[in-house]
Amino acid sequence: MKIVVGKYSGFCAGVNYTYNRAIEELKKGNLYCLGDIIHNEHVISYLKSIGMTTIYDIKDIKDNSRVIFRAHGEPISSYEYAKEHNLDIIDLTCGKVKLIHNKVLKEKEESFIIVIGKKKHPETIGTVGFIINDYYVVENEDDINVAYSEFAKSKKRKIFVISQTTFSSSYFDFLCDAIIRKFNNIEIKIDKSICAATENRQKECETLSKKSSVMLVIGSKNSSNTKELYNIAIDNCKVVYFIEFIDELKNYSFSDNDIIGVVAGASTPLYLIEETKKYLESTCL
Ligand code: SF4
């Protein structure tokens, strides 16, 4: 048996920064986090145990409190609300997401904006909260027709396309080709703003899945980038297990001949990957 752990597995730079800053800030006292700080129950429980309260509606935060804006970013309306209610924002929006906010603020003056991403993902909600009018979120091919109608209704005559940072790289390319065909003769500027941390993981997952007899994907089922790794793995490997807790490994058996590829999303803590490896080594080697 061989166990191969993807080198890009675990926290990305943005999540690592968020996590470490949250711990530092919690040393100064209790605080709120608007939404799940990252999509991982282990991390949320730990931070709760040291004083962080996760809250899903900014209006439920008491005036004058400290609040984390997480790496996914927040719409402009959250900043405005925070100012009105004297909230002390600890802004941990990832720099790469901030860059997207700045780009849409610039481009929206002249262009209708297409955001390629998951409609309900907090990063997408944050990004469109900076655009406000004349935009459409494209999540699949059907959305392109709706985006076209919305564009036709607007006064804009150019298109700017941008992406959620954790969207599937190959599906982004596919949707962009379809957009170019649909918006034939219209000036289109495409910014593939998928984060390198996401692209590296997806490429590595594809390569590893092709070489492995079993793939283990570690992370939360509500993590967009981890789900994307799972989708890539099932396209390229016959046996794929998506686990969130180490205990779940007991449900599966492995053979001496297996080559086990292990990958983890950007919100999966390193210790979960190490524990998985230890479990496999202790039970199978
Ligand atoms: S995946 Fe990229 S954009 Fe998202 S938090 Fe991590 S480093 Fe930032």
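The values are calculated or read from the model by the stated rules, or taken from the named source; none is laboratory data. Bear in mind that the values here come from a model prediction, so they are computed numbers and not experimental data. Ideal geometry is used to build each Cβ from the backbone, glycine not excepted, and the neighbour counts take in all protein chains shown.
Does segment 141-149 contain at least one residue that is surrounded by fewer than 16 Cβ atoms within 10 Å (Cβ to Cβ), touching a residue at least 24 places away in the same chain (Cβ under 8 Å), closer than 13 Å to Ile179 by Cβ and not charged (D, E, K, R)?
Within segment 141-149, one or more residues are surrounded by fewer than 16 Cβ atoms within 10 Å (Cβ to Cβ), touching a residue at least 24 places away in the same chain (Cβ under 8 Å), closer than 13 Å to Ile179 by Cβ and not charged (D, E, K, R).
Considering each of Val161, Val240, Val214 in turn, give the residue that is touching a strand residue (DSSP E or B) at 6+ places or on another chain (Cβ under 7 Å) and either within 16 Å of the ligand (Cβ to nearest atom) or not assigned by TED's automatic domain parsing to the domain that holds Leu270 (or both).
Checking each option against the conditions leaves just Val161.
Give the residues of segment 201-223 that are more than 21 Å from the chain's Cα centre (by Cα), without any contact (Cβ under 8 Å) to a residue 60 or more places away in the chain and in a loop (DSSP other than H, G, I, E, B), sorted by residue number.
Once the filter is applied, which keeps residues that are more than 21 Å from the chain's Cα centre (by Cα), without any contact (Cβ under 8 Å) to a residue 60 or more places away in the chain and in a loop (DSSP other than H, G, I, E, B), segment 201-223 yields only Ser213.
When segment 19-55 is examined, which residues are found to be at pLDDT 95 or above, surrounded by 14 or more Cβ atoms within 10 Å (Cβ to Cβ), among the polar types (S, T, N, Q) and under 20 Å from the mean Cα position of the chain (by Cα)?
Within segment 19-55, Thr54 is the sole residue that qualifies.
Does segment 226-264 hold any residues that are part of a loop (DSSP other than H, G, I, E, B) and under 22 Å from the mean Cα position of the chain (by Cα), and which are they?
Residues satisfying the conditions are Glu244, Phe245.
Which residues, taken from segment 1-34, are small (Gly, Ala, Ser) and not in a helix (DSSP H, G or I)?
Gly6, Ser9, Gly10, Gly29 - these are the residues of segment 1-34 that are small (Gly, Ala, Ser) and not in a helix (DSSP H, G or I).
For segment 59-126, which strands (runs of 3 or more DSSP E) that fit wholly inside it have 2 or more residues that are touching a residue at least 12 places away in the same chain (Cβ under 8 Å), more than 16 Å from the ligand (Cβ to nearest atom) and crowded, with 16+ Cβ neighbours inside 10 Å?
Once the strands (runs of 3 or more DSSP E) in segment 59-126 are filtered for at least 2 residues that are touching a residue at least 12 places away in the same chain (Cβ under 8 Å), more than 16 Å from the ligand (Cβ to nearest atom) and crowded, with 16+ Cβ neighbours inside 10 Å, what remains is 66-69, 111-116.
Please indicate, with yes or no, whether at least one residue in segment 174-189 is away from the ligand (no atom under 11 Å from the Cβ), without any contact (Cβ under 8 Å) to a residue 12 or more places away in the chain and not in a helix (DSSP H, G or I).
yes
Which of the numbered conditions does Lys2 fail, given that it passes all the others? Conditions: (1) away from the ligand (no atom under 16 Å from the Cβ); (2) of a type in the set (Lys, Arg); (3) over 30 Å from Ser212 (Cα atoms).
(3)
Under 7 Å between Cβ atoms, which residue pairs at least 6 apart in sequence (or on different chains) link something in segment 2-19 that is more than 12 Å from Ile273 (Cβ to Cβ) with a partner that is assigned to a helix (DSSP H, G or I) and not hydrophobic (A, V, I, L, M, F, W, C)?
The qualifying pairs are Gly14/Lys96.
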